[in-house]
Amino acid sequence: FFFSSRRRHTRLQGDWSSDVCSSDLPLGADEAVALYQEEARRCGAPAAPPGAVVRLAAHLDHHPGALRLAAGRALVLPAETLLARLDRRFDLLPGLAALGAHGWDALSAADQRALVAVSVFEGPFSLGDAEAVACAADGWIGDALERLAARGVVVPRPGGLFVRETQRRWVASRHGDAVGAARARLAAVLLPRLVPLLERVERRPDPDGIAALRRWLPELRAIATPAALAVVAGVHELLGELGPGLAAVADATAPDLLLRHATLLARARRVPEARAALDVARAAGADGSARIRVEAIVLGARAETGEGGLLPEATALHTQAHGADARVWAATATTLAIVHRRAGQSTAAQEALRATAARLPSDAELPRAALLANMGVGHLHAGEPGAAVELLEIGRAHV
(Lines give C-alpha, C1' and ligand atoms only; values in the text may rest on other atoms or scores of the structure.)
Protein backbone atom coordinates (compact mmCIF):
# COMPACT_ATOMS: atom_id res chain seq x y z
CA PHE A 1 0.00 0.00 0.00
CA PHE A 2 1.38 3.44 0.91
CA PHE A 3 4.83 2.54 2.17
CA SER A 4 5.21 -1.14 1.36
CA SER A 5 8.83 -2.04 0.66
CA ARG A 6 7.61 -5.10 -1.23
CA ARG A 7 5.84 -3.13 -3.94
CA ARG A 8 6.90 -0.53 -6.47
CA HIS A 9 4.73 1.80 -8.50
CA THR A 10 4.71 1.27 -12.23
CA ARG A 11 2.18 3.89 -13.27
CA LEU A 12 -0.29 5.82 -11.18
CA GLN A 13 -3.13 8.16 -12.00
CA GLY A 14 -2.29 11.83 -12.39
CA ASP A 15 -0.10 14.02 -14.53
CA TRP A 16 3.23 12.74 -13.35
CA SER A 17 5.64 9.99 -14.38
CA SER A 18 6.37 6.68 -12.73
CA ASP A 19 9.77 7.86 -11.48
CA VAL A 20 7.98 10.05 -8.93
CA CYS A 21 7.33 6.90 -6.92
CA SER A 22 10.37 4.87 -7.85
CA SER A 23 10.69 3.99 -4.14
CA ASP A 24 8.03 3.84 -1.48
CA LEU A 25 10.39 3.80 1.48
CA PRO A 26 10.13 6.85 3.76
CA LEU A 27 13.20 9.05 3.95
CA GLY A 28 15.01 10.38 6.99
CA ALA A 29 14.75 14.11 7.72
CA ASP A 30 18.12 14.98 6.12
CA GLU A 31 17.39 12.85 3.06
CA ALA A 32 13.96 14.44 2.69
CA VAL A 33 15.43 17.96 2.80
CA ALA A 34 18.13 17.06 0.28
CA LEU A 35 15.63 15.47 -2.13
CA TYR A 36 13.24 18.42 -1.92
CA GLN A 37 16.00 21.02 -2.45
CA GLU A 38 17.45 19.11 -5.41
CA GLU A 39 14.09 18.73 -7.14
CA ALA A 40 13.18 22.37 -6.43
CA ARG A 41 16.45 23.57 -8.01
CA ARG A 42 15.66 21.58 -11.13
CA CYS A 43 12.43 23.57 -11.40
CA GLY A 44 14.26 26.88 -11.01
CA ALA A 45 13.04 27.54 -7.48
CA PRO A 46 15.34 29.04 -4.82
CA ALA A 47 16.43 26.95 -1.88
CA ALA A 48 13.76 26.66 0.81
CA PRO A 49 14.41 27.15 4.55
CA PRO A 50 15.42 23.69 5.81
CA GLY A 51 13.08 23.97 8.81
CA ALA A 52 10.10 24.52 6.53
CA VAL A 53 11.07 21.50 4.44
CA VAL A 54 11.42 19.35 7.58
CA ARG A 55 7.89 20.32 8.67
CA LEU A 56 6.51 19.76 5.18
CA ALA A 57 8.18 16.37 4.93
CA ALA A 58 6.53 15.31 8.20
CA HIS A 59 3.09 16.21 6.80
CA LEU A 60 3.91 14.27 3.62
CA ASP A 61 5.03 11.22 5.62
CA HIS A 62 8.62 11.57 4.31
CA HIS A 63 7.43 9.90 1.13
CA PRO A 64 9.87 10.55 -1.74
CA GLY A 65 7.13 10.67 -4.35
CA ALA A 66 5.11 13.20 -2.36
CA LEU A 67 8.22 15.31 -1.76
CA ARG A 68 8.99 15.34 -5.49
CA LEU A 69 5.45 16.46 -6.20
CA ALA A 70 5.78 19.31 -3.69
CA ALA A 71 9.22 20.34 -4.93
CA GLY A 72 7.99 20.27 -8.52
CA ARG A 73 5.69 23.21 -7.70
CA ALA A 74 8.16 25.07 -5.48
CA LEU A 75 8.47 27.96 -7.92
CA VAL A 76 4.85 29.00 -7.30
CA LEU A 77 4.22 27.04 -4.08
CA PRO A 78 7.33 27.31 -1.89
CA ALA A 79 7.45 25.09 1.16
CA GLU A 80 6.20 27.81 3.55
CA THR A 81 3.21 28.57 1.30
CA LEU A 82 2.30 24.91 0.90
CA LEU A 83 2.53 24.43 4.67
CA ALA A 84 -0.07 27.17 5.12
CA ARG A 85 -2.38 25.49 2.60
CA LEU A 86 -2.09 21.86 3.57
CA ASP A 87 -5.86 21.56 3.87
CA ARG A 88 -5.91 21.88 0.04
CA ARG A 89 -3.02 19.51 -0.56
CA PHE A 90 -4.91 17.23 -2.97
CA ASP A 91 -5.96 20.19 -5.13
CA LEU A 92 -2.54 21.84 -5.12
CA LEU A 93 -0.60 18.61 -5.74
CA PRO A 94 -2.78 16.73 -8.26
CA GLY A 95 -0.70 13.56 -8.12
CA LEU A 96 -0.90 13.28 -4.36
CA ALA A 97 -4.34 11.68 -4.40
CA ALA A 98 -2.90 8.82 -6.43
CA LEU A 99 -0.58 8.04 -3.53
CA GLY A 100 -3.56 7.89 -1.21
CA ALA A 101 -5.59 5.77 -3.59
CA HIS A 102 -2.82 3.41 -4.59
CA GLY A 103 -3.55 -0.10 -3.42
CA TRP A 104 -6.97 0.73 -1.91
CA ASP A 105 -8.67 -1.78 -4.16
CA ALA A 106 -6.26 -4.46 -3.03
CA LEU A 107 -7.63 -4.28 0.50
CA SER A 108 -10.45 -6.50 1.59
CA ALA A 109 -13.71 -4.76 2.37
CA ALA A 110 -13.15 -5.39 6.10
CA ASP A 111 -9.65 -3.88 5.97
CA GLN A 112 -11.00 -0.87 4.09
CA ARG A 113 -13.59 -0.34 6.81
CA ALA A 114 -10.92 -0.74 9.50
CA LEU A 115 -8.75 1.88 7.79
CA VAL A 116 -11.69 4.26 7.50
CA ALA A 117 -12.49 3.74 11.18
CA VAL A 118 -8.99 4.47 12.51
CA SER A 119 -8.68 7.45 10.18
CA VAL A 120 -10.66 9.41 12.78
CA PHE A 121 -7.50 9.52 14.92
CA GLU A 122 -5.29 12.46 14.05
CA GLY A 123 -2.90 11.59 16.84
CA PRO A 124 -1.84 8.28 18.36
CA PHE A 125 -4.37 5.59 19.12
CA SER A 126 -4.32 2.33 21.02
CA LEU A 127 -5.90 -1.03 20.28
CA GLY A 128 -8.67 -0.12 22.72
CA ASP A 129 -9.31 3.14 20.85
CA ALA A 130 -9.50 1.24 17.56
CA GLU A 131 -11.93 -1.27 19.06
CA ALA A 132 -14.19 1.62 20.10
CA VAL A 133 -14.61 2.82 16.49
CA ALA A 134 -14.57 -0.53 14.71
CA CYS A 135 -17.51 -2.01 12.82
CA ALA A 136 -18.69 -4.85 15.06
CA ALA A 137 -19.70 -6.99 12.08
CA ASP A 138 -16.09 -7.15 10.83
CA GLY A 139 -14.71 -9.12 13.75
CA TRP A 140 -11.72 -8.11 15.84
CA ILE A 141 -10.01 -5.02 14.39
CA GLY A 142 -6.61 -6.10 15.72
CA ASP A 143 -6.23 -8.54 12.82
CA ALA A 144 -6.95 -5.77 10.31
CA LEU A 145 -4.48 -3.46 12.04
CA GLU A 146 -1.75 -6.06 11.67
CA ARG A 147 -2.43 -6.29 7.95
CA LEU A 148 -2.53 -2.50 7.59
CA ALA A 149 0.73 -2.22 9.53
CA ALA A 150 2.35 -4.77 7.20
CA ARG A 151 1.43 -2.46 4.30
CA GLY A 152 2.87 0.56 6.11
CA VAL A 153 -0.42 2.46 6.37
CA VAL A 154 -0.61 2.13 10.15
CA VAL A 155 2.74 2.70 11.84
CA PRO A 156 3.92 2.36 15.45
CA ARG A 157 5.54 5.45 16.95
CA PRO A 158 6.17 6.68 20.49
CA GLY A 159 2.78 7.09 22.10
CA GLY A 160 0.85 4.54 20.06
CA LEU A 161 -0.21 3.69 16.52
CA PHE A 162 -0.67 6.31 13.78
CA VAL A 163 -2.32 6.38 10.39
CA ARG A 164 -0.08 8.01 7.78
CA GLU A 165 -1.27 11.59 7.32
CA THR A 166 -1.65 11.53 3.54
CA GLN A 167 -3.59 8.28 3.71
CA ARG A 168 -5.75 9.50 6.58
CA ARG A 169 -6.66 12.71 4.77
CA TRP A 170 -7.31 10.89 1.51
CA VAL A 171 -9.70 8.51 3.28
CA ALA A 172 -11.50 11.45 4.90
CA SER A 173 -11.87 13.19 1.53
CA ARG A 174 -13.25 10.09 -0.21
CA HIS A 175 -15.23 8.35 2.55
CA GLY A 176 -16.60 11.20 4.63
CA ASP A 177 -19.86 9.49 5.59
CA ALA A 178 -18.12 6.39 6.91
CA VAL A 179 -15.55 8.49 8.79
CA GLY A 180 -18.43 10.50 10.27
CA ALA A 181 -20.06 7.31 11.52
CA ALA A 182 -16.77 6.26 13.13
CA ARG A 183 -16.50 9.68 14.78
CA ALA A 184 -19.97 9.23 16.23
CA ARG A 185 -18.87 5.90 17.73
CA LEU A 186 -15.76 7.58 19.11
CA ALA A 187 -17.81 10.41 20.64
CA ALA A 188 -20.06 7.90 22.40
CA VAL A 189 -17.01 6.40 24.12
CA LEU A 190 -14.78 9.44 24.50
CA LEU A 191 -17.06 12.17 25.82
CA PRO A 192 -18.36 10.27 28.88
CA ARG A 193 -14.71 9.80 29.81
CA LEU A 194 -13.36 13.29 29.11
CA VAL A 195 -16.18 15.48 30.43
CA PRO A 196 -15.81 14.28 34.05
CA LEU A 197 -12.02 14.31 33.63
CA LEU A 198 -12.15 18.00 32.70
CA GLU A 199 -14.40 18.70 35.70
CA ARG A 200 -11.93 16.93 38.00
CA VAL A 201 -8.93 18.76 36.55
CA GLU A 202 -10.71 22.09 36.98
CA ARG A 203 -10.99 21.31 40.69
CA ARG A 204 -7.64 19.62 41.26
CA PRO A 205 -4.79 20.14 38.76
CA ASP A 206 -3.38 16.88 37.47
CA PRO A 207 -0.58 16.86 34.86
CA ASP A 208 -1.57 13.42 33.59
CA GLY A 209 -5.22 14.48 33.29
CA ILE A 210 -4.28 17.66 31.44
CA ALA A 211 -2.03 15.67 29.10
CA ALA A 212 -4.87 13.23 28.39
CA LEU A 213 -7.28 16.06 27.63
CA ARG A 214 -4.78 17.84 25.38
CA ARG A 215 -4.03 14.63 23.49
CA TRP A 216 -7.67 14.33 22.37
CA LEU A 217 -8.13 17.95 21.21
CA PRO A 218 -7.83 17.18 17.46
CA GLU A 219 -10.40 14.38 17.63
CA LEU A 220 -12.77 16.47 19.75
CA ARG A 221 -12.58 19.34 17.26
CA ALA A 222 -13.37 16.92 14.45
CA ILE A 223 -16.32 15.41 16.35
CA ALA A 224 -17.61 19.02 16.47
CA THR A 225 -20.70 18.40 18.62
CA PRO A 226 -21.50 21.04 21.27
CA ALA A 227 -20.38 18.66 24.02
CA ALA A 228 -17.07 17.97 22.27
CA LEU A 229 -16.38 21.65 21.56
CA ALA A 230 -17.26 22.53 25.16
CA VAL A 231 -14.45 20.24 26.29
CA VAL A 232 -12.07 21.81 23.75
CA ALA A 233 -12.92 25.32 24.95
CA GLY A 234 -12.69 24.23 28.59
CA VAL A 235 -9.21 22.78 28.10
CA HIS A 236 -7.97 25.92 26.36
CA GLU A 237 -9.49 28.09 29.10
CA LEU A 238 -7.81 25.95 31.75
CA LEU A 239 -4.45 26.32 29.99
CA GLY A 240 -4.90 30.04 29.32
CA GLU A 241 -4.90 29.50 25.55
CA LEU A 242 -7.58 32.08 24.76
CA GLY A 243 -7.13 32.26 20.97
CA PRO A 244 -7.61 28.52 20.34
CA GLY A 245 -10.46 28.47 22.87
CA LEU A 246 -12.29 31.28 21.08
CA ALA A 247 -11.75 29.54 17.74
CA ALA A 248 -13.45 26.42 19.13
CA VAL A 249 -16.64 28.34 19.97
CA ALA A 250 -16.60 30.89 17.15
CA ASP A 251 -19.96 29.81 15.73
CA ALA A 252 -21.54 28.69 19.01
CA THR A 253 -25.31 28.39 19.32
CA ALA A 254 -25.67 25.90 22.21
CA PRO A 255 -26.05 27.54 25.67
CA ASP A 256 -22.99 25.85 27.21
CA LEU A 257 -20.79 26.91 24.29
CA LEU A 258 -22.12 30.45 24.46
CA LEU A 259 -21.15 30.56 28.13
CA ARG A 260 -17.67 29.33 27.25
CA HIS A 261 -17.50 32.04 24.58
CA ALA A 262 -18.38 34.75 27.10
CA THR A 263 -15.81 33.37 29.56
CA LEU A 264 -12.97 33.36 27.05
CA LEU A 265 -13.82 36.88 25.88
CA ALA A 266 -13.84 38.09 29.49
CA ARG A 267 -10.47 36.42 30.16
CA ALA A 268 -9.14 38.29 27.12
CA ARG A 269 -10.57 41.56 28.56
CA ARG A 270 -12.83 42.01 25.55
CA VAL A 271 -15.54 43.21 27.89
CA PRO A 272 -18.22 44.58 25.51
CA GLU A 273 -18.06 41.37 23.47
CA ALA A 274 -18.14 39.27 26.65
CA ARG A 275 -21.25 41.06 27.90
CA ALA A 276 -22.96 40.63 24.54
CA ALA A 277 -22.05 36.92 24.45
CA LEU A 278 -23.43 36.48 27.97
CA ASP A 279 -26.69 38.13 26.92
CA VAL A 280 -26.94 35.75 23.96
CA ALA A 281 -26.29 32.79 26.28
CA ARG A 282 -29.04 33.92 28.64
CA ALA A 283 -31.45 34.31 25.72
CA ALA A 284 -30.53 30.80 24.54
CA GLY A 285 -31.51 29.33 27.92
CA ALA A 286 -28.19 29.21 29.79
CA ASP A 287 -28.99 28.86 33.48
CA GLY A 288 -27.86 27.40 36.78
CA SER A 289 -24.48 27.48 38.47
CA ALA A 290 -22.57 27.53 35.17
CA ARG A 291 -24.23 30.80 34.24
CA ILE A 292 -23.54 32.30 37.70
CA ARG A 293 -19.85 31.49 37.31
CA VAL A 294 -19.65 33.16 33.90
CA GLU A 295 -21.60 36.18 35.16
CA ALA A 296 -18.98 36.49 37.90
CA ILE A 297 -16.08 36.23 35.45
CA VAL A 298 -17.60 38.88 33.16
CA LEU A 299 -18.39 41.12 36.13
CA GLY A 300 -14.80 40.77 37.35
CA ALA A 301 -13.51 41.76 33.91
CA ARG A 302 -15.78 44.82 33.99
CA ALA A 303 -14.31 45.83 37.35
CA GLU A 304 -10.73 45.18 36.21
CA THR A 305 -11.22 47.47 33.22
CA GLY A 306 -12.35 50.34 35.44
CA GLU A 307 -16.14 50.16 35.63
CA GLY A 308 -17.45 51.32 39.01
CA GLY A 309 -20.63 50.90 41.04
CA LEU A 310 -20.56 47.10 40.82
CA LEU A 311 -20.54 46.22 44.55
CA PRO A 312 -24.30 45.50 44.91
CA GLU A 313 -24.24 43.26 41.87
CA ALA A 314 -21.10 41.43 43.00
CA THR A 315 -22.47 40.94 46.54
CA ALA A 316 -25.79 39.58 45.27
CA LEU A 317 -24.02 37.19 42.91
CA HIS A 318 -21.77 35.85 45.68
CA THR A 319 -24.79 35.31 47.93
CA GLN A 320 -26.59 33.52 45.10
CA ALA A 321 -23.62 31.17 44.70
CA HIS A 322 -23.67 29.85 48.29
CA GLY A 323 -23.97 26.08 48.16
CA ALA A 324 -22.99 25.91 44.49
CA ASP A 325 -19.99 24.14 42.99
CA ALA A 326 -16.62 25.18 44.42
CA ARG A 327 -15.50 26.75 41.14
CA VAL A 328 -18.65 28.90 41.03
CA TRP A 329 -18.29 30.07 44.62
CA ALA A 330 -14.60 30.82 44.11
CA ALA A 331 -15.39 32.82 40.98
CA THR A 332 -17.98 34.98 42.73
CA ALA A 333 -15.66 35.52 45.71
CA THR A 334 -12.84 36.55 43.41
CA THR A 335 -15.12 39.02 41.64
CA LEU A 336 -16.36 40.44 44.93
CA ALA A 337 -12.75 40.93 46.04
CA ILE A 338 -11.83 42.64 42.78
CA VAL A 339 -14.77 45.03 43.14
CA HIS A 340 -13.87 45.81 46.78
CA ARG A 341 -10.24 46.36 45.87
CA ARG A 342 -11.11 48.65 42.98
CA ALA A 343 -13.19 50.69 45.45
CA GLY A 344 -10.21 50.96 47.80
CA GLN A 345 -11.65 48.49 50.32
CA SER A 346 -8.70 46.09 50.62
CA THR A 347 -9.70 44.69 54.01
CA ALA A 348 -13.19 43.77 52.81
CA ALA A 349 -11.67 42.15 49.73
CA GLN A 350 -9.33 39.99 51.81
CA GLU A 351 -12.15 38.97 54.14
CA ALA A 352 -14.34 37.83 51.24
CA LEU A 353 -11.53 35.73 49.81
CA ARG A 354 -10.41 34.27 53.14
CA ALA A 355 -13.92 33.30 54.19
CA THR A 356 -14.58 31.55 50.89
CA ALA A 357 -11.21 29.75 50.83
CA ALA A 358 -11.83 28.37 54.32
CA ARG A 359 -15.15 26.85 53.29
CA LEU A 360 -14.08 25.23 50.01
CA PRO A 361 -14.09 21.40 49.93
CA SER A 362 -10.76 19.66 50.32
CA ASP A 363 -10.47 18.63 46.67
CA ALA A 364 -11.06 22.17 45.30
CA GLU A 365 -7.35 22.83 44.90
CA LEU A 366 -7.44 25.01 41.80
CA PRO A 367 -10.22 27.34 43.07
CA ARG A 368 -8.43 27.65 46.41
CA ALA A 369 -5.14 28.43 44.68
CA ALA A 370 -6.89 31.13 42.64
CA LEU A 371 -8.34 32.69 45.79
CA LEU A 372 -4.97 32.63 47.56
CA ALA A 373 -3.34 34.24 44.53
CA ASN A 374 -5.94 37.00 44.60
CA MET A 375 -5.33 37.49 48.33
CA GLY A 376 -1.64 37.86 47.49
CA VAL A 377 -2.50 40.54 44.96
CA GLY A 378 -4.48 42.30 47.67
CA HIS A 379 -1.44 42.31 49.96
CA LEU A 380 0.65 43.80 47.16
CA HIS A 381 -1.92 46.56 46.72
CA ALA A 382 -1.74 47.16 50.48
CA GLY A 383 2.06 47.43 50.40
CA GLU A 384 2.65 44.09 52.13
CA PRO A 385 4.95 42.15 49.75
CA GLY A 386 6.07 39.64 52.38
CA ALA A 387 2.53 38.49 53.04
CA ALA A 388 1.87 38.41 49.29
CA VAL A 389 4.84 36.12 48.65
CA GLU A 390 3.81 33.82 51.49
CA LEU A 391 0.28 33.45 50.09
CA LEU A 392 1.51 32.92 46.53
CA GLU A 393 3.81 30.15 47.75
CA ILE A 394 0.85 28.50 49.50
CA GLY A 395 -1.16 28.86 46.30
CA ARG A 396 1.62 27.29 44.26
CA ALA A 397 1.58 24.28 46.56
CA HIS A 398 -2.06 23.74 45.67
CA VAL A 399 -1.41 23.65 41.89
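Restricting the range 64-89 to residues that are under 27 Å from the mean Cα position of the chain (by Cα) and open to solvent by less than 40 Å² (accessible area, probe 1.4 Å) leaves a set whose member that is farthest from R169 (Cα to Cα) is A79. If you go through the range 112-144 and keep only what is in a loop (DSSP other than H, G, I, E, B) and either open to solvent by less than 10 Å² (accessible area, probe 1.4 Å) or not polar (S, T, N, Q) (or both), you end up with S119, V120, F121, E122, G123, P124, A134, C135, G139, W140. Across the range 156-195, the number of residues qualifying as of a type in the set (K, R), within 19 Å of the chain's Cα centre (by Cα) and over 20 Å from E146 (Cβ atoms) comes to 3.
Among the residues of the range 283-308, write down those that are surrounded by 15 or more Cβ atoms within 10 Å (Cβ to Cβ) and of a type in the set (D, E). Steps first, please.
From the range 283-308, those surrounded by 15 or more Cβ atoms within 10 Å (Cβ to Cβ) are 284, 286, 289-304; that's our starting set.
If the condition is that a residue be surrounded by 15 or more Cβ atoms within 10 Å (Cβ to Cβ) and of a type in the set (D, E), then E295, E304 are the ones that fit.
Of the residues making up the range 218-227, just one is under 18 Å from T263 (Cβ atoms) and modelled with pLDDT of 95 or more, namely L220. Can you find a residue in the range 309-324 that is of a type in the set (D, E), open to solvent by 20 Å² or more (accessible area, probe 1.4 Å) and under 28 Å from the mean Cα position of the chain (by Cα)? So far as the range 309-324 goes, no, none of its residues is of a type in the set (D, E), open to solvent by 20 Å² or more (accessible area, probe 1.4 Å) and under 28 Å from the mean Cα position of the chain (by Cα).
Of the helices (runs of 4 or more DSSP H) entirely within the range 31-86, those holding at least 1 residues that are within 21 Å of V154 (Cα to Cα) and modelled with pLDDT under 95 occupy 50-59, 64-72. Here A109 fits the description: among the small types (G, A, S), free of Cβ contacts under 8 Å to residues at least 40 places away in the same chain and open to solvent by 10 Å² or more (accessible area, probe 1.4 Å).
The values are calculated or read from the model by the stated rules, or taken from the named source; none is laboratory data. Since we're looking at a predicted model, the values are computed, not measured. No Cβ is skipped: glycine too gets one built from the backbone with ideal geometry, and neighbour counts run over all protein chains shown. Side chains included, ligands, DNA and RNA excluded: accessible areas come from the protein's heavy atoms. Shrake-Rupley method; radii C 1.70, N 1.55, O 1.52, S 1.80 Å.
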